[in-house]
Structures are given as C-alpha cells and as structure tokens.
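Undergrad: The structure under discussion is supplied below as structure tokens; questions concerning it will follow.
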Amino acid sequence: MDRKLISVIVALVAVLVIFLLIAWIGGAINESLKLDETALLRFLFVIIGMVFVFVVYWLTKASGVWEVGTREVVYMAIGAALYAVFSYLFNGTVFAVPSASQVALRPAISIPMFFGYAFGPTVGFFTGAVGNMFGDALTGFGLSPQWSVGNGLVGMVAGMALLFTDKKKGINTVLIISAVLAAIGTLLYLLNTDQANMMFFDAEAGIFGDATISLFAGLSVVIGFVMVLVVRLLFNQDINVAAAVTWSMLGNLVGIGFAAISDIWINGFSPAVAIVGEFLPAAGPNLIFAAILVPILVAAYSSVQRQTGR
C-alpha cells in the first residue's frame with residue numbers, strides 16, 4: 001500500500017479516536033462535556049468531513065504534500081497543543097461575538113492556518129481538528145466535534161497552496177472562489193438583517209436574545225476579504241505570504257461553512273440562522289486574523305529558515 005495513503009488514513013483514524021476519547025473521558029469528568037442526543041449526528045458529520053479530506057487527497061495524491069514522516073508527526077503534536085492552549089485562552093464570553101450560538105474572537109485560528117501552509121494539509125487538518133477539540137474540552141463549555149472538523153478543514157485547505165507550482169495562478173483562483181462565497185454569505189445577511197443575536201441578553205434593557213446580529217458581524221466576511229486582498233497586493237513580491245493568507249481565507253470559508261451548515265441538521269437551524277447567525281460571525285473575524293497574523297507567522301518562519309539554512 002502507498003505510504004502517503006497509509007499516512008492519510010492513519011492521521012484520519014487518529015483524529016477520530018482522539019475525538020471519541022475526549023468525548024468519553026471529558027463526559028465522565030465534566031457534566032457539561034457530555035454529548036446529548038445529537039451525538040451520533042455530530043459524529044456523522046465528523047465522518048463526512050473526513051471523507052471530504054480523503055477525497056481531496058485521492059484527487060491530488062500525486063503530489064508530495066501529503067507525505068507524513070517523523071517531522072510532520074512532531075509538527076502535528078506541536079500545532080495541536082499550541083492551538084488547544086490558545087483556543088482555551090481566547091474561548092469564553094470575554095471575547096464573544098454577536099451570533100446565534102457560542103462564537104468567540106479566536107486569533108488562535110492563525111495556528112492551523114500557518115501549520116497547514118508551512119507543513120502540509122495533513123498537519124494542518126490534525127492541528128485544527130485535534131487542537132480545537134482539546135481547546136473546547138479545556139474550556140468546559142461543551143463539545144462540538146463537527147466544528148472541530150471544520151477547524152481541521154481550515155488548516156487542510158491552507159495547506160493546499162503547496163499543490164501549486166505556480167502559486168500566483170493558485171492565488172488568483174482562490175480569490176475568485178472566496179469572493180463568490182463571501183458575496184453569497186453577505187447577500188444572505190442583507191436579506192436577513194433581522195436575524196437575532198441569541199447569545200446577547202440585557203435584562204435592564206429588555207433584551208433577551210432578540211437583538212439583531214450587528215452590522216459589523218454581518219459584513220465581517222466582506223471586511224476580512226478586503227483585508228486579505230490588500231495583504232495580497234502589498235505582498236505581491238513575497239509570494240509565500242500572499243499564498244498563505246489567501247489560502248487561509250479559503251480554508252476558513254470552507255471549514256467554518258461546513259461546520260455552520262452541519263447545524264442545520266444537528267441543531268435544527270434554518271439556513272439563514274446557520275449562515276447569518278453562525279458562519280458570518282465566526283468566519284469574518286477569522287479572515288481578519290488571517291490578514292493580520294498569518295503574514296507575521298510566515299515572515300518569522302521564513303526568517304528562521306534563512307538563519308538555519310533549512
């Protein structure tokens with residue numbers, strides 16, 4: 001059997017096993033981490049997400065970006081640990097975003113984006129998926145394994161940049177796809193500006209989860225897209241930064257979109273609630289962090305590479 005095929009299968013199985021262990025052990029330790037009656041449906045979407053990863057691998061298996069050796073395994077462990085810790089630090093109500101569910105500002109999302117771009121899609125997927133699952137467990141607010149897979153897809157898609165020998169051509173394609181996805185999401189917001197921010201309560205003002213999603217949250221994906229586009233133009237001569245940021249943007253649109261859409265079936269949300277109430281408030285700030293933090297991480301990594309000669 002092909003070594004790359006074995007590597008991808010082992011990585012996916014490892015993610016699934018870790019998810020099951022966290023759900024089992026976490027539920028035994030903390031009541032709030034117990035999965036409810038939607039557990040099977042949540043793990044069904046975990047499987048769907050993993051099948052998507054495998055299909056992408058199969059279609060691009062000729063590329064060497066899927067190879068996993070000892071070094072990549074080490075990067076997986078480091079990336080997942082970093083993402084778990086920083087997710088824990090930034091999860092919670094202090095950094096809450098107006099949304100239909102539990103969404104927080106998460107600058108840590110730059111970690112799976114960077115690890116995917118720097119070390120490949122398999123490392124990016126493992127970092128995002130396992131790191132997010134551990135981060136949720138540490139926070140103690142509850143487990144959403146399908147959202148962890150969505151975070152894994154963020155890292156995996158960021159790593160797809162390595163498939164293109166002509167990175168500029170890949171960047172232009174990604175910008176077009178991202179522009180279409182951002183436009184669709186924003187159009188849905190403009191058609192549903194009355195979508196409630198169900199996480200905001202102010203008893204004194206008579207607000208009990210019925211205040212509408214803020215204008216910034218609704219337009220955040222467009223704002224993030226524009227910021228990424230600016231970074232792409234500013235770093236026209238540094239193709240690595242431009243590619244990392246644009247592919248990270250697409251990763252967020254795909255990964256967070258997958259997670260939000262899954263809640264149509266898991267939580268019984270309407271498409272408008274899933275997109276306007278969850279996807280936009282989560283993906284938009286992520287794009288902003290991609291535009292700000294990913295260039296810093298890529299530049300720092302490039303500097304280390306030059307100093308070490310690697």
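Undergrad: What ranking, highest mean first, results for peptides 273-281, 127-135, 61-69 when packing means the other Cβ atoms within 10 Å averaged over each residue?
TA: Result, highest mean Cβ count within 10 Å first: 127-135, 273-281, 61-69.
Undergrad: Also: Could you give me the ³J(HN,Hα) list for the stretch 220-237, computed from phi with Karplus coefficients 6.51, -1.76, 1.60 and θ = phi - 60°, whole Hz, x at Gly and Pro?
TA: Listing the rounded values in order: 5, 5, 5, 4, x, 4, 4, 4, 5, 4, 4, 4, 4, 6, 5, 9, 4, 8 Hz.
Undergrad: Moving to a separate point now. Counting only residues 5 or more places away or on other chains, whose amide H sits under 5 Å from the amide H of Thr212 once H atoms are built in the peptide plane?
TA: Amide H neighbours of Thr212: Asn197.
Undergrad: From the P(r) of the stretch 29-91, can you give the percent of Cα pairs sitting at distances over 14 Å?
TA: 76
Undergrad: Can you give the calculated 222 nm mean residue ellipticity of the chain, where each DSSP H run of n ≥ 4 adds -39,500 (n - 2.57) and the sum is split over every residue, rounded to the nearest 500 deg cm²/dmol?
TA: Counting only the DSSP helices, I get -24000 deg cm²/dmol.
Undergrad: If you don't mind, there's one more thing I want to ask. Short version: ³J(HN,Hα) in whole Hz for each residue of the stretch 281-290, in order, from phi by Karplus 6.51 cos²θ - 1.76 cosθ + 1.60 (θ = phi - 60°), x for Gly and Pro, what are they?
TA: Ordered by residue, 3J(HN,Hα) equals x, 8, 6, x, x, 4, 5, 5, 5, 4 Hz.
Undergrad: Rounded to the nearest 0.05, what FRET efficiency do Ser303 and Ala77 have when you use their Cβ-Cβ distance and R0 = 22 Å? Before the final figure, lay out the partial values.
TA: On the way: r = 23 Å, r/R0 = 1.06.
After rounding, the FRET efficiency stands at 0.40.
Undergrad: Quote the relative contact order of the chain in percent (integer), defining contacts as alpha-carbon pairs under 8 Å separated by 6+ residues. It would help to have the intermediate numbers written out before the result.
TA: Numbers: 564 pairs, mean separation 63.1, N = 310.
Reported as a whole number, the value is 20 percent.
Undergrad: Further question: List, in order, the whole-Hz ³J(HN,Hα) value for each residue of the stretch 129-143 obtained from phi through the Karplus relation with A = 6.51, B = -1.76, C = 1.60 and θ = phi - 60°; use x for Gly and Pro.
TA: 5, 5, x, 5, 5, 5, x, 5, 5, 5, 5, x, 7, x, 10
Undergrad: Among Val53, Ala137, Ala118, flag the residue with its Cα farthest along the positive direction of the charge dipole of the stretch 1-154, charges on Cβ as +1 for Lys/Arg and -1 for Asp/Glu.
TA: My answer, from the dipole projection, is Ala118.
Undergrad: Tell me, what is the per residue accessible area of the chain in Å², probe radius 1.4 Å?
TA: I get 45 Å² per residue for the chain.
Undergrad: Could you give the size of the charge dipole of the chain about its Cα centre, using +1 on the Cβ of each K and R and -1 on the Cβ of each D and E, expressed in debye and rounded to the nearest 20?
TA: That gives a dipole near 1280 debye.
Undergrad: Just to be sure I understand: with springs between alpha-carbon atoms less than 10 Å apart, which residue in Val294, Val157, Val231 has the highest mean-square fluctuation in the Gaussian network model of the chain?
TA: Val231
Undergrad: Would you kindly calculate the mean projected area, averaged across all directions, of the convex hull enclosing the Cα atoms of the chain, in square nanometres?
TA: Quarter of the Cα hull surface area: 16.3 nm².
Undergrad: Diagonalise the Cα gyration tensor of the stretch 219-310 and give the resulting equivalent ellipsoid semi-axes, square root of 5 times each eigenvalue, largest first, whole Å.
TA: 32, 14, 8
Undergrad: Ok, one more. If you roll a 1.4 angstrom probe over the protein chains with everything in place, what fraction of the accessible area of the chain belongs to carbon and sulfur, to the nearest %?
TA: Heavy-atom surface of the chain belonging to carbon and sulfur, 1.4 Å probe: 70 percent.
Undergrad: Please give the Cα centre distance for the stretch 1-44 versus the stretch 246-283, rounded to the nearest Å.
TA: 21
Undergrad: Determine the order of Asp36, Asp136 by accessible area, beginning with the largest, at a probe radius of 1.4 Å.
TA: Details: Asp36 75, Asp136 30 Å².
Ranked from most to least accessible, the order is Asp36, Asp136.
Undergrad: For the pair Glu67/Leu41, report the inter-label distance in nm, with labels modelled 7 Å from Cα in the Cβ direction.
TA: So the label points at Glu67 and Leu41 sit 4.4 nm apart.
The values are calculated or read from the model by the stated rules, or taken from the named source; none is laboratory data. Predicted, not measured: the structure shown is a model, and the values here were computed from it. Positions of Cβ are generated from backbone atoms using ideal geometry, with glycine treated the same way; all protein chains shown enter the neighbour counts. We work out accessible area using only protein heavy atoms, side chains counted, and drop any ligands, DNA or RNA first. Shrake-Rupley method; radii C 1.70, N 1.55, O 1.52, S 1.80 Å.
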